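Read through the structure below, which is laid out as structure tokens, and then see the notes.
The values are calculated or read from the model by the stated rules, or taken from the named source; none is laboratory data. Everything numeric in this text was worked out from a predicted model, so none of it was measured. Heads up, the Cβs are rebuilt from the backbone with ideal geometry, glycines too, and the neighbour counts pull from every protein chain shown.
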């Protein structure tokens, strides 16, 4: 299994602008990181460096409660991996990301606070 790319998620990647959430803001990104197999917490932190450790832990616990991620403890090593249900989320996630890429400019415009101020809208 290849290591996760630290630049896997650009600060303004399509997944950041999709209006659909899995568990919480970071859930879909964690699911994507686990697509190739089990990962340790420290491995997940590499491409998800913008998430605080506390929020990362909360997100992983939420995904566990939803039945999308399984946590395995072997001695001192903890790994996370997608469950069968979690794997079934990969195809819909790909479709959502493709949709976000297709509508990128519209999503950026809609979420740009400067463009959405009353003066900018002609009010």
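Observations on the structure shown:
- Unique residue being assigned to a loop (DSSP other than H, G, I, E, B), modelled with pLDDT of 70 or more and surrounded by 15 or more Cβ atoms within 10 Å (Cβ to Cβ) when the list is 47, 3: 47
- Flag if residue 75 is over 15 Å from the mean Cα position of the chain (by Cα), within 15 Å of residue 30 (Cβ to Cβ) and without any contact (Cβ under 8 Å) to a residue 24 or more places away in the chain: no
- For the stretch 85-96, the criterion of being under 24 Å from residue 2 (Cβ atoms) and part of a loop (DSSP other than H, G, I, E, B) is met by at least one residue.
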